[in-house]
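A.B. asks: One structure is given below, represented as structure tokens, and several questions about it will come after.
Derivation of every value follows stated rules applied to the coordinates shown; laboratory data play no part. Quick caveat, the model's predicted, so the values are computed rather than measured. Cβ sites come from the backbone with ideal geometry, for glycine too, and all protein chains shown count toward neighbours.
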């Protein structure tokens, strides 16, 4: 080893030691007694990462706007595309090592259902910003969510379709998402209960981007309406591929995902006429403030579920600072604060199951805009 | 319905062909499983996205830049990661792990630069010209994918068979040590192979971007399909990759004709396992 190499190695070693020392004794990390820790579990990597980023940005924004910025420590963990085992290990880490008393997440119903029992056992609050599956309602007494359950939406669109004279339906759904599968069940029971018929059921998984063969099968079954339960990107791709294949049947999304920007971005003119249920766009000041704040800080439109993530974080922070630190006290505060609360995603009132009801309408896409039809 | 099913299979096969071609070319010369191959498709796709959408440059120019850029990244990976490892006589296992690391890193960099959102490339947002063949439809982009796949296969086959460069690759593939002894600059040739293979992967990513869309995570899924195509066709064999790719496309799409679509990936891997058990050398490779 030449002298030069030794000097270089020496410099590198010193630099690394200084860096490590800095990271350990990093100033600014909240160490005061009154500081609170909030765990976040979201799919930062994988197919759902874009929503996770939106929700994380919103959580950070809520932290900054709370007035307690320096006293809040956000610890974010990845569940790698809503994988339940990864969500569980993330929750265990947050609860046992970081000693967090509350967790925001996960994005999907499946992952949230997976962490609910652990949270119950350890008395930790879970607030889900976007898990819409109806089976989350009874997941436990410490589980809350800031988005409405799916059941009402799916039932509403199925009734709407029947009332418009559509009788023979195809179901196209993402079988890898619990929430979307339960939507399919709701649509199916409601639609057949009214007297409609399901001619064909076709499934795919979230990572599938080529749905041509499924659409082809739907095409040959000659239906009046196609109910789709999929994530926003996939709804867009399905519409685009369907129109290219000459499938001009009416599409109805059983999920609010039909009313998100990616659908129009991806499908373009093929998105025209898509029908979907949607929570009424809030008209309160908090909603417009949130949109403007978010755009100012991150330079983009908030992603789907960002507003719900903002509310989850904002209500949780308020509740935690008002509480005495125990989960039961935070829970009581959540019920107290989460009553006629004007948030970025509309008015929030938790019921005894920690669910929220949000007024809903049926919308369609016309000239690239989301318009209300009922 | 039936003709559309055949067309869908052909389109899927053409996409897998592009991935398998580059993968096989690199595998043939280096004999290691290059996991970065898939992510270079994402590099190509995102380069075009950046040059054409962010900077607003001419789309055809952006495509050329994207292909070259993906090729250069592949070349750079060889020069700075795999070549030093090969010189140290690292085993193929170590090279595989290194390529896994490189793949994860590149994927993360793309996600940081462009976010993880699903994106579409310019040409596919407008209405595309659609061609009807026996009642089935194929879009202009898909036709381009098919034609490009065939052209690249033919060119590659000609180069490998008739040029000095191709003969050198063949020699390295047979025995790198001997090739070096007879005076072939193996490091240089392998560097070129990485450039060409990666450029083809980049092109595949760009074409998929036009047809469907791009995402930082698109690479791994593509790579797996390309690898299945390579193995069932005959790993390291250029024609084998093509045959394997089309076989895979047909089996996948016809497989979900009577059963539900969620089984598509499972069907692909069952096909792989059947080949691994009964004909591990693939369709084209001789014993």
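A.B. asks: Go from 0 up to the bin containing the longest alpha carbon distance in segment B:168-229, width 10 Å each, and give me the % of pairs per bin.
C.D. replies: Going out from 0 Å in 10 Å bins, segment B:168-229 shows 20, 35, 25, 17, 3 percent.
A.B. asks: Please compute, over every Cα-Cα pair in chain A, the percentage with a separation greater than 37 angstrom.
C.D. replies: Details: 17969 of 69751 pairs.
Counting every Cα pair in chain A, those more than 37 Å apart make up 26 percent.
A.B. asks: Could I ask something else about it? Can I get the semi-axes of segment B:2-278's equivalent ellipsoid? Compute them from the C-alpha gyration tensor as square roots of 5 times the eigenvalues, in angstrom, largest first.
C.D. replies: Working: eigenvalues 174, 104, 64 Å².
Over the Cα atoms of segment B:2-278, the ellipsoid semi-axes are 29, 23, 18 Å.
A.B. asks: If you don't mind, there's one more thing I want to ask. Which angle between 0 and 90 degrees, to the nearest 10, do you get for helix A:327-337 versus the longest principal axis of chain A when only C-alpha atoms count?
C.D. replies: Roughly 60 degrees, rounded to the nearest 10.
A.B. asks: Over what distance in Å are the Cα centres of segment B:190-249 and segment A:287-337 separated?
C.D. replies: Answer, in whole Å: 44.
A.B. asks: Pairs of Cα atoms under 8 Å, at least six residues apart: use those to get the relative contact order of chain B, whole percent.
C.D. replies: Working: 473 pairs, mean separation 106.0, N = 287.
Rounded, it is 37 percent for chain B.
A.B. asks: Take the alpha-carbon positions of segment B:195-287, form their convex hull, and give its projected area averaged over all directions (one quarter of the hull surface) in nm².
C.D. replies: Details: hull surface 27.2 nm².
Averaged projected area of segment B:195-287's Cα convex hull equals 6.8 nm².
A.B. asks: What ranking, highest mean first, results for peptides A:208-215, A:10-17 when packing means the other Cβ atoms within 10 Å averaged over each residue? Mind showing how you got there, number by number?
C.D. replies: Values: A:208-215: 23.8, A:10-17: 10.0.
Ranked by mean Cβ neighbours within 10 Å, highest first: A:208-215, A:10-17.
A.B. asks: Would you give the gap between the C-alpha center of segment B:117-185 and the C-alpha center of segment A:154-222, rounded to a whole Å?
C.D. replies: 39
A.B. asks: Here's a follow-up. Determine the calculated [θ] at 222 nm for chain B from helices alone, applying -39500 (n - 2.57) to every DSSP H run no shorter than 4 residues and normalising by the residue count; nearest 500 deg cm²/dmol. All intermediate terms of the calculation are to be shown ahead of the outcome.
C.D. replies: Numbers: 12 runs with 204 residues, N = 287.
Theoretical 222 nm ellipticity from helices: -24000 deg cm²/dmol.
A.B. asks: Have a look at the DSSP beta bridges in the protein assembly as shown and tell me what percent are antiparallel, nearest 5.
C.D. replies: Working: 18 of 52 bridges.
Antiparallel bridges make up about 35 percent of those DSSP assigns within the protein assembly as shown.
A.B. asks: Follow-up question, since we're still on this one. In Å and from the alpha-carbon atoms only, list the Rg and Dmax of segment A:143-226.
C.D. replies: Reported Rg and Dmax, both Å: 13.6, 44.
A.B. asks: Another one. How shielded is B:207-213 by partner chains, expressed as the average number of their Cβ atoms within 10 Å of its Cβ atoms?
C.D. replies: Details: counts 0, 2, 0, 0, 4, 7, 8.
Average neighbour count from other chains, rounded to a whole number: 3.
A.B. asks: What order do you get for B:160-172, A:150-162, B:50-62 when each peptide is scored by the mean count of other beta carbon atoms within 10 Å, highest first? Provide the component values of the computation, followed by the final result.
C.D. replies: Working: B:160-172: 15.8, A:150-162: 21.7, B:50-62: 14.2.
Ranked by mean Cβ neighbours within 10 Å, highest first: A:150-162, B:160-172, B:50-62.
A.B. asks: What is the helix-to-structure angle for A:150-163, meaning the angle in degrees between its Cα long axis and the longest Cα principal axis of chain A, kept from 0 to 90 and rounded to the nearest 10?
C.D. replies: The answer is roughly 20 degrees.
A.B. asks: Using Stokes-Einstein with the Kirkwood hydrodynamic radius over Cα pairs, what translational diffusion coefficient do you get for the protein assembly as shown at 20 °C and a viscosity of 1.002 mPa s, in µm²/s rounded to a whole number? Could you put the intermediate results ahead of the total?
C.D. replies: Details: Rh = 26.8 Å.
Taking Rh from Cα pairs, D becomes 80 µm²/s.
A.B. asks: If packing is taken as the mean number of other Cβ atoms within 10 Å per residue, what is the order of A:239-250, A:283-294, highest first? Each step should come with its number before you reach the end.
C.D. replies: Numbers: A:239-250: 20.5, A:283-294: 15.2.
Highest-to-lowest ranking by the protection proxy: A:239-250, A:283-294.
A.B. asks: Which angle from 0 to 90°, rounded to the nearest 10, does the C-alpha axis of helix A:3-24 make with the longest principal axis of chain A?
C.D. replies: Approximately 70 degrees, to the nearest 10.
A.B. asks: Is there a simple number for the mean count of other chain Cβ atoms within 10 Å of the Cβ of residues in A:213-219, and what is it? Before the final figure, lay out each step's value.
C.D. replies: Values: counts 13, 7, 3, 10, 8, 0, 2.
For peptide A:213-219, the averaged partner shielding equals 6.
A.B. asks: Ok, one more. Please label the shape of segment A:47-125 as rounded, prolate or oblate, based on the square roots a ≥ b ≥ c of the eigenvalues of the alpha-carbon gyration tensor (a/c under 1.5 means rounded; beyond that, a/b larger than b/c means prolate, else oblate).
C.D. replies: Working: a/c = 2.19, a/b = 1.21, b/c = 1.80.
Oblate is the answer for segment A:47-125, as a/c is 1.5 or above yet b/c matches or exceeds a/b.
A.B. asks: Quick check on chain A: helices-only [θ] at 222 nm, where DSSP H runs of length 4 and up contribute -39,500 (n - 2.57) each and the sum goes over total residues. Nearest 500, please. Before the final figure, lay out the partial values.
C.D. replies: Details: 12 runs with 164 residues, N = 374.
Per the formula, -14000 deg cm²/dmol.
A.B. asks: Is segment B:91-157 best put as rounded, prolate or oblate by its Cα gyration tensor, with a ≥ b ≥ c the root eigenvalues, rounded for a/c under 1.5, and otherwise prolate when a/b is larger than b/c, oblate when not?
C.D. replies: Working: a/c = 3.66, a/b = 1.56, b/c = 2.35.
Verdict is oblate for segment B:91-157.
A.B. asks: Kirkwood hydrodynamic radius for segment A:297-374: how many Å is it when counted over pairs of different Cα atoms?
C.D. replies: On the way: mean 1/r = 0.0689 Å⁻¹.
This gives a value of 14.5 Å.
A.B. asks: For segment B:58-178, just the Cα atoms, rotate onto the principal axes and tell me the three extents in Å, largest first.
C.D. replies: So the extents along the principal axes, rounded to whole Å, are 54, 42, 28.
A.B. asks: Roughly how crowded by other chains is peptide A:204-210, in terms of the mean Cβ count from those chains within 10 Å of each of its Cβ atoms? Could you put the intermediate results ahead of the total?
C.D. replies: Values: counts 7, 6, 0, 6, 5, 9, 11.
That works out to 6 on average.
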